[in-house]
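Notes follow the structure.
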Amino acid sequence: MTEYTRRESRAIHVGKVQIGGNAPISIQSMTNTDTYDHKATLEQVKRLEQAGCDVVRITVPTPEAAKCIAYIKEAGVTVPLVADIHFDYRAALYALEAGVDKIRINPGNIGSEDRVRELAEAARRRGVPIRIGVNSGSLEKSILAKHGAPTAAALCESAMFHTALLEKYDFRDIAISIKASSVMTTIEANRLLAKTCNYPIHIGVTEAGGEGMGTIKSAIGIGTLLAEGIGDTVRVSLTADPVKEIAAARNILDAVGLSSTPHLNIVSCPTCGRTRIGLIDLLAKLEAAVESEGLRSVPITVALMGCAVNGPGEAREADIGVAGGDGDALLFYKGVTAGKIPQDMIVPRLIEEIKKFKA
Ligand code: SF4
């Protein structure tokens, strides 16, 4: 296995979730309901939690909107909530009073230093961390003028500018995110940030697009950084139902071997002119059966291979594997051949075998 070193970062605690300090990489998302519609927002928070979201962010544009945080907390939801604040620092103070678990705000945007101090003190009193979130689309004019464009260096400078405002009041319960719609800028900026400080880093590619391209951009941006040991929590941003962000984030973490939850790993070949069984259909049926039977968390590798060329090798390496023949397949169990199965029995047999590994 390739050596993997994770960047050392300070730990912060967002409700019951630790971010940084070598904690498992958590998955975040954000509601897209109207925050004033408490019921709809609560329902979406619950759907996100059920899908495996570790931390849910909610936009809180005004002090009045902070009531939604209290409403969700009173409903008994335990997934930690983050209030997303832009300019109205009073909204942050109200969200803190409502029991929010983290504030996302850029202190440089809220006006006087007195306000920054008041916010830092209120957050400290409640043990609530603050995320500084720098975005390529909303960089300070002065930094933009200095760098000429929202470059990686400009984004990092902005993040450290906001961080220094909190540090001035000895507030260090901080997470930082730097997001750009450009994958390469996101990667470069986060590499720079990782070298500049030891605060935990929230990573994501912003405005990544729809489910298809957005997932690809996120997989490259987030995946590259995670593979380099950078990143403590992730958000995939999709123009889609936010619940889809959770599956995408989980798949990215699974792909780089950093998922905190056990999962079934399916290895399957792309098929070619040698394939003599309906492998594409078999894979779709296997994936559907794994979901419907609740077997996604079985921590084994299952190989579904199309022929006897590369098939037996991969199938033998897996916990359970099949190498396709002509209308049938050879089954491997822990590297040992276990007989032939007719094509229509492959999925039921694999499901039967996977169930044996279920704790
Ligand atoms: S395993 Fe066999 S069928 Fe699948 S792509 Fe490779 S050669 Fe083709």
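When all protein chains stay in place and ligands, DNA and RNA are ignored, the 1.4 Å accessible-area order of 54, 34, 344, largest first, is 344, 34, 54.
Per-peptide packing, taken as the mean over residues of other Cβ atoms within 10 Å, places 56-68, 279-291 in the sequence 56-68, 279-291 from highest down.
Run the numbers on the chain and let me know its relative contact order in percent, using alpha-carbon pairs under 8 Å that are six or more apart. Intermediate results must be reported in sequence, preceding the final value.
Numbers: 739 pairs, mean separation 46.9, N = 359.
Taking the mean separation of contacting Cα pairs over the length of the chain, I get 13 percent.
Peptide packing: for 161-167, 23-29, the average count of neighbouring Cβ atoms within 10 Å per residue gives the ranking 23-29, 161-167, highest mean first. Every Cα-Cα pair in region 198-357 was counted, and those over 22 Å apart are 50% of them.
Which whole-number percent is the relative contact order of region 265-355 (Cα, under 8 Å, 6+ apart)?
Details: 173 pairs, mean separation 24.1, N = 91.
Reported relative contact order: 26 percent.
Among beta bridges identified by DSSP and lying wholly in region 12-255, the antiparallel ones come to about 10 percent. P(r) for region 12-255, from all Cα pairs and a bin width of 5 Å, is 1, 7, 15, 19, 21, 18, 12, 6, 1, 0 %, short bins first.
First compute the accessible area of the chain with a 1.4 Å probe, then give the percent of it belonging to carbon and sulfur atoms. Walk me through the intermediate numbers first.
Values: 8320 of 16020 Å².
Its accessible area is 52 percent carbon and sulfur atoms.
Think of a 1.4 Å ball rolled over the protein heavy atoms: the chain then has 45 Å² of accessible area per residue. Distance from the alpha carbon centroid of region 43-77 to that of region 230-299 works out to 27 angstrom. The listed peptides 195-203, 269-277, ordered by packing as a protection proxy, come out as 195-203, 269-277 (highest mean of other Cβ atoms within 10 Å first).
The values are calculated or read from the model by the stated rules, or taken from the named source; none is laboratory data. For clarity, every value in this text was computed on a predicted model and none was experimentally measured. Neighbour counts run over all protein chains shown; Cβ positions are idealised from the backbone, glycine included. With ligands, DNA and RNA removed, areas are computed over all heavy atoms of the protein, side chains included. Shrake-Rupley method; radii C 1.70, N 1.55, O 1.52, S 1.80 Å.
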